[in-house]
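I have placed the structure first, in the form of structure tokens, so that the comments after it can refer back to it.
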Amino acid sequence: MSIELKNISYTYMPKTPFEHLALDDISITIPEGKITAIAGHTGSGKSTLIQHFNGLLKPSKGTILVDGVDIGKKNTEAKAARRKVGIVFQYPEYQLFEETIAKDIAFGPRNIGCSEDETQERVKQAMDFVNLDYDKYAHRSPFQLSGGQKRRAAIAGILALQPKYLVLDEPTAGLDPKGRESLMEKFRRLHKEKGTTIVLISHNMDNIASYADNVIILNKGKVTMEATPEEAFSKKEIISQAGLELPEVKTIMNELAQNGLEIQNNAYTMDKAVEEIIEALRRKGKC
Amino acid sequence: MLTDITLGQYFPGNSPIHDMDARVKIVLLFIYIVAVFLFDNHINYGIMTAGAIGVVLLSGLPVGTVLKSIKPLWWIILFSFGIHLFSTPGEPIFKVWNFVMTKEGIIQGFIISLRLVLMIATSSILMFTTSPLKLTDALESLMSPLKKIGFPAHELAMMMTIAMRFIPTLLEETDKIIKAQQSRGSDIDDGNFFQRAKGMIPVLVPLFISAFRRADELAIAMEARCYQGGVDRTRMKQQRLHDVDFWAGGIFSVFLISLIVVQFTL
Ligand SMILES: Nc1ncnc2c1ncn2[C@@H]1O[C@H](COP(=O)(O)OP(=O)(O)O)[C@@H](O)[C@H]1O
Ligand SMILES: [Mg+2]
């Protein structure tokens, strides 16, 4: 089971002088149970792409299958399939509107017809998950929160829908480094504990290196790579053509290799890099 | 999608019409519209239509775009056509119950529709070929004689500039918020009037909050740059007349004189 895009093209403002082909013949698969990262320069079409996953945008061409169901259809089966996908937009805190945080998080579950008990249960779980203490915050106004807390409250609003596929559009943009790390850890926990499939849009290649199972690189509306991180980071050309940078660890390893240290150079996370370097030094007989 | 709206949108370009001074464009348009409603000679309608078509061709705008600008007012045009069709006395050609359609009615209805179409089409050419900034600058400068009697020309122009600057931003924002709430399962297009009105709250609240936030930020940014009303302000871009404006004035004068000659001699 997966989200499958077949030959998707999307044009903004067709038949006007502002016509813009934002997605050009994209075919990708988002496998269930994995963390898939989508990377690309600003304007490469990442946000446009993910809005197709739950039918917010209708492709100009092509079809989208969620767990094998064509979500472009108008039947209840297609509607159910669209609801399997939850999207956390960029700067989600701007969608908060209710008087209290609990009511705001309850908006989604109520819309999809959860009972009152079920809704309350989901609100509690979601708040707990993003580390917002229910007793302390549930009945406060979301507009009294700090920036990072607002972000977490808004994310809880999507988590309460309990989507099978969770799509995150640059979830850590504008947060401080500590906030970024703890938020990413929460998503990783969600993935581990509940098996939620995660699609992560990110600029931050270090983040992608440490979390993703698959990487999709977008460049000017085209997919230029769909690979494992290991394979993706070994193709420096494609990465830099897309206006991206290699993870810091990978850059350092490349430098070491160039300067004559005989490492395997497959590592892109800190831990693996340390292993590789130690092994290389051992082979050289220096350790 | 909301952002697909082209009403009053500027299409950048390098045509002579784009290059004209906005003040000249506004004045000529004003005279043209007065002429459209003043002259009632059939040959003159031909000349005025030809003039409008000439300007569209010169501007390099897609003809379809200009025609589309008439669409929002299509019903008004049809309505006034219908009224004239049945309310003009003359030679009857068709009768339904108490309503008599006359030959004069058809002609009159056609003329009224043509006048409306010419007016809308030429006004939208002004909007399509002039950036909002130049447009408000021109309005300010045309209204500035009124400053002497205490009319806040600069302040009004500034308000218009800011409003126009933020229309696309707010549309984009509305679009984003609607999508975000749809992702949370809200059905904005479903249900009866009250359900839909209620469905607007999750969109309107964040929209107002963000509009106020933007207004606040803009006010602070303007104050930080010591902005102070219209007294003794100079412009970064001086409005100057160029060759193209004199050409336009000349051609328009010939156009106007021929209208007058036709009107009073034929
Ligand atoms: N609502 C819109 N109307 C017109 N063009 C748009 C709209 N949204 C995005 N675009 C254009 O589509 C392209 C892709 O944008 P987007 O998907 O937001 O990229 P990314 O998320 O990768 O930064 C950009 O060139 C952008 O200007
Ligand atoms: Mg984006």
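The values are calculated or read from the model by the stated rules, or taken from the named source; none is laboratory data. All values derive from a computational prediction rather than experimental measurement. Here the Cβ positions follow ideal geometry from the backbone for every residue, glycine too, while neighbour counts run over all protein chains shown. Ligands, DNA and RNA are stripped out before the accessible areas are found, and what is left, the full protein with its side chains, is counted by its heavy atoms. Shrake-Rupley method; radii C 1.70, N 1.55, O 1.52, S 1.80 Å.
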Exercise. With θ set to phi - 60° and the Karplus curve 6.51 cos²θ - 1.76 cosθ + 1.60, what are the ³J(HN,Hα) couplings of segment A:189-205 in order, to the nearest whole Hz, using x for Gly and Pro?
Worked result: 5, 4, 5, 5, 7, 9, x, 5, 6, 10, 10, 10, 8, 7, 8, 7, 5
Exercise. When DSSP beta bridges are limited to those with both residues in chain A, what percentage is antiparallel, rounded to the nearest 5?
Worked result: 55
Exercise. If you line up the long axis of helix A:270-283 against the longest principal axis of chain A, both from Cα atoms, how many degrees apart are they, to the nearest 10?
Worked result: 10
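Average projected area of the Cα convex hull of segment A:138-254, in nm²?
Its average projected convex-hull area is 8.7 nm².
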Exercise. According to a simple spin-label model (label point 7 Å from Cα along Cα-to-Cβ), what is the distance in nm between B:R196 and A:E262?
Worked result: 7.4
Exercise. For the pair B:R233 and B:F151, what calculated FRET efficiency results from E = 1/(1 + (r/R0)^6), where r is the Cβ-Cβ distance and R0 = 22 Å, to the nearest 0.05?
Worked result: 0.85
Exercise. Counting only the backbone N, which residues of segment A:83-115 are under 15 Å from the spot 7 Å out from the Cα of B:D216 toward its beta-carbon?
Worked result: A:94
Problem set entry | Cut-off 13 Å between beta-carbons: net charge of the residues surrounding A:G33, Lys and Arg +1, Asp and Glu -1 | 0
Exercise. At A:K73 and B:I76, where each label point lies 7 Å from the Cα along Cα→Cβ, what is the point-to-point distance in nanometres?
Worked result: 4.6
Exercise. How many percent of the alpha carbon pairs in the protein assembly as shown exceed a separation of 38 Å?
Worked result: 50
Exercise. If you average 1/r over every pair of different alpha-carbon atoms in segment B:110-266 and take one over that average, what Kirkwood value in Å do you get?
Worked result: 20.6
Exercise. Using only helices, what value at 222 nm comes out for the protein assembly as shown when you add -39,500 (n - 2.57) per DSSP H run of length 4 or more and divide by the total residues, to the nearest 500 deg cm²/dmol?
Worked result: -17500 deg cm²/dmol
Problem set entry | Whole-Å distance, taken between Cα centres, linking segment B:195-264 and segment B:94-171 | 13
Exercise. In the full protein assembly as shown, how much of A:M1 is accessible to a 1.4 Å probe, in Å² to the nearest 10?
Worked result: 140
Problem set entry | segment A:247-287 - Debye-derived log10 I(q)/I(0), Cα point model, q = 0.16, 0.18, 0.31 Å⁻¹ | -0.33, -0.41, -1.08
Exercise. Which angle between 0 and 90 degrees, to the nearest 10, do you get for helix A:147-159 versus the longest principal axis of chain A when only C-alpha atoms count?
Worked result: 70
For this session: Could you tell me the accessible area of B:F110 in Å² (1.4 Å probe, neighbours in place), rounded to the nearest ten?
Result: 130
Problem set entry | Vicinal HN-Hα couplings computed from phi for segment A:250-260 (Karplus, 6.51 cos²θ - 1.76 cosθ + 1.60; Hz; Gly/Pro x) | 5, 4, 5, 4, 4, 4, 4, 4, 4, 8, x
Exercise. Spin-label point model (7 Å from Cα, Cβ direction): what's the B:I209 to B:I167 distance in nm?
Worked result: 2.8
Exercise. Based only on the alpha carbon positions, what is the Kirkwood hydrodynamic radius of segment A:12-63, in angstrom?
Worked result: 12.6
Problem set entry | Where A:T16, B:T136 fall by accessible area, highest first, once all protein chains stay in place (1.4 Å) | A:T16, B:T136
Problem set entry | segment B:152-233: C-alpha pair distances exceeding 23 Å, % | 40
For this session: Note the full-extension length gain between A:Q125 and A:V274 as 0.36 nm times their separation in residues minus their Cα-Cα distance, in nm to one decimal.
Result: 49.8 nm
Seminar exercise, completed: Using alpha-carbon coordinates alone, the radius of gyration and Dmax of segment A:91-162 in Å work out to 10.6, 31
Exercise. To the nearest 10 square angstrom, what accessible area does B:H42 show with a 1.4 Å probe?
Worked result: 120
For this session: Determine the order of A:K164, A:K178 by accessible area, beginning with the largest, at a probe radius of 1.4 Å.
Result: A:K178, A:K164
For this session: Enumerate the lysines that A:K136 could reach by cross-link, defined here as Cα to Cα under 28 Å, with residues fewer than 8 away along the same chain left out.
Result: A:K103, A:K124, A:K150, A:K178, A:K186, A:K192, A:K194
Exercise. Relative contact order (percent) for chain A, with alpha-carbon contacts under 8 angstrom and 6 or more residues of separation?
Worked result: 21
Seminar exercise, completed: Once amide hydrogens are built 1.01 Å from N within the peptide plane, the residues lying 5 or more places from A:A22 or on another chain with amide H under 5 Å from its amide H are A:Y10, A:T11, A:Y12
Exercise. What is the ratio of the Cα radius of gyration of chain B to 2.2 N^0.38 Å, where N is its residue count, to two decimals?
Worked result: 1.28
Exercise. For segment A:34-82, what number of Lys pairs, 8 or more residues apart or on separate chains, have alpha-carbon atoms under 24 Å from each other?
Worked result: 12
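Largest first, what is the accessible-area ranking of B:F208, A:F143 with a 1.4 Å probe?
Order by accessible area, largest first: B:F208, A:F143.
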Exercise. Tell me, what is a quarter of the convex hull surface for the C-alpha atoms of chain A, in nm² with one decimal?
Worked result: 17.9
Exercise. Which helices pass in chain B if a helix is a full DSSP H run, must span at least 15 angstrom along its long axis by Cα, and must have mean Kyte-Doolittle hydropathy not below 1.0?
Worked result: B:22-38, B:42-59, B:74-87, B:103-129, B:243-265
Problem set entry | Angle between chain A longest axis and helix A:101-111 axis [Cα atoms, degrees, rounded to 10] | 80
Exercise. Check B:F94: other-chain or 5+ apart residues with amide H under 5 Å from its amide H, H built from backbone geometry?
Worked result: B:M101
